[in-house]
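Single-structure report; data block below.
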Amino acid sequence: MTAPPPRSLIFLFAVAGGAAVGNLYWAQPLLDLIADDLHASKAAAGWLITATQLGYAAGILLIVPLGDVLNRRRLIPIMLLCSAAALGLCAIAPSIGSLLPAITALGVTTVAGQILAPLAGDLAPEEQRGRVVGTVASGILTGILASRTISGLLAGVAGWRAVYAAAALVMVVLAAVLGRAIPALPPKDRLRYPALIASIATIALRERAVRWTLVLAATGFAAFTLFWTALTFLLSGPPFGYPAPIIGLFGLAGLAGAVAAQRAGRLHDRGWSLPATGAAWAAILVSFAVAAFARHSVVLVILAIVILDVAMQTQAILNQSRVFAVSHQARSRLNTAYVTGIFAGGALGSAAAAVLWSAGGWTAITTAGLVLSAFALLVWALGRRGPLIPAGPAPAADETTVPR
């Protein structure tokens, strides 16, 4: 039986993954500040989130698969240092036109967390994989939420540029620590880069459970970014009129959800993955229903945040655990397919938030969230007795098999 990795190492993976992915969300509570400082419109500032998400999806597609063929002890610190360089460019950007490519580069390079997650799955024994992967995934998702609070508070004291400068320093420190802490593991496969990238589509198309899970995952993150992007607009305008530091504090409500969802991976280990996924999506539907009545109530806003984040993080961890169960040999490529899908969905969600807010305000946002939730519940109901069930460990992704 494989010995489980030390808890201290998994905790470090969770912290590093959360810090890395948090880079994608520093701007979210700062959109008004950035727009004012760079003399840009609110709509133009909203595209910063979309550019980051699209860059991240590209980085996941082009860089994360290298985790199956390269030494991850070197790859992960290198990517953290690249993120530090991109953060530095964001900190000194003189205009919205220069900030957009810098923040896109940040999205491309900030993929260390998504290399760490499959590495944790490789280190964990089968019977504990859900718990270990869930811990790292919960750290990543916690980083998404905590970044908003940290960003808002730091920007309130030192300005939005200080947020990116401080994050660059954190990336350098983590690169040094992880370079020593990550165990040396041999590459799991030997493929040329073009074949490596092509094999992502091969395994995603071959495995029916991966395809169906990707639909759920992309829908989930579209709803997640739709809500959080529009929430900044809601809280900064009447009747609330909150400044960026206060808006950032609302991330603490979501952080409570992340803590509650930390043990979701155990549900996978106990065989409850699909029933729990359905329950999570029902809760997401409820959260948008609560949010629909929260236009003038901060209490209802906080309640909607807590329900949404507990449920969203639960279904995300369960989805990722099911995908990782498909193949050991191609786990980084499976994670590439999974995360590319969710962040493509996230980019669509943030873009839709800007459009829907202009068209119909908070009512349009919550209506779209309800529609996405109902669609996901339909996919779950159709797939829970077959298409969403992993068929078992698959052969290496470069082998030719009949699609399932």
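Listed values, structure above:
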| item | result |
| --- | --- |
| Computed [θ] at 222 nm, deg cm²/dmol, the chain (DSSP H ≥ 4; -39,500 (n - 2.57); rounded to nearest 500) | -26000 deg cm²/dmol |
| Within the accessible area of segment 17-130 (1.4 Å probe), percent carbon and sulfur | 70 percent |
| FRET efficiency for residue 201 and residue 157, using Cβ-Cβ distance with R0 set to 60 Å, rounded to 0.05 | 0.85 |
| Ellipsoid equivalent to segment 104-164 - semi-axes via the Cα gyration tensor, in Å | 31, 14, 6 |
| Rg/Rh for the chain, where both radii come from Cα atoms and Rh is the Kirkwood radius | 0.95 |
| Helix axis angle, 208-236 relative to the chain longest principal axis, alpha carbon, degrees | 20 degrees |
| Amide hydrogen neighbours beyond the local backbone of residue 242, cut-off 5 Å, H modeled | 236, 237 |
| Compactness of segment 291-345 - radius of gyration and Dmax, Cα, Å | 16.1, 51 |
| Within the accessible area of segment 138-205 (1.4 Å probe), percent carbon and sulfur | 72 percent |
| Mean shadow area of segment 196-340 over all directions, Cα convex hull, nm² | 9.4 nm² |
| Segments 368-374, 336-342, 7-13, 110-116 sorted - mean Cβ within 10 Å per residue, highest first | 110-116, 336-342, 368-374, 7-13 |
| Convex hull projection area averaged over all views, segment 153-241, Cα basis, nm² | 10.5 nm² |
| Accessible area of segment 22-126 divided out per residue, in Å², using a probe of 1.4 angstrom | 31 Å² |
| Residue 295-residue 193 FRET efficiency (beta carbon distance; Förster radius 51 Å; 0.05 resolution) | 0.55 |
| Loop-resident sites, segment 281-362, for trypsin sites (Lys or Arg not before Pro), counting at most 16 other Cβ within 10 Å (DSSP) | 295 |
| Dipole in debye (nearest 20) - segment 17-132, about Cα centre, beta carbon charges: Lys, Arg +1; Asp, Glu -1 | 220 debye |
| Kirkwood hydrodynamic radius of segment 273-371, Cα pairs, Å | 14.9 Å |
| For segment 1-110: span of alpha carbons on each principal axis (Å, largest first) | 59, 25, 20 |
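The values are calculated or read from the model by the stated rules, or taken from the named source; none is laboratory data. As the structure is a computational prediction, the values presented were derived from the model and not from experiment. Neighbour counts are summed over all protein chains in view; Cβ atoms, including those assigned to glycine, are modelled from backbone coordinates with ideal geometry. Note: accessible area is taken over every heavy atom of the protein model, side chains too, but ligands, DNA and RNA are not part of it. Shrake-Rupley method; radii C 1.70, N 1.55, O 1.52, S 1.80 Å.
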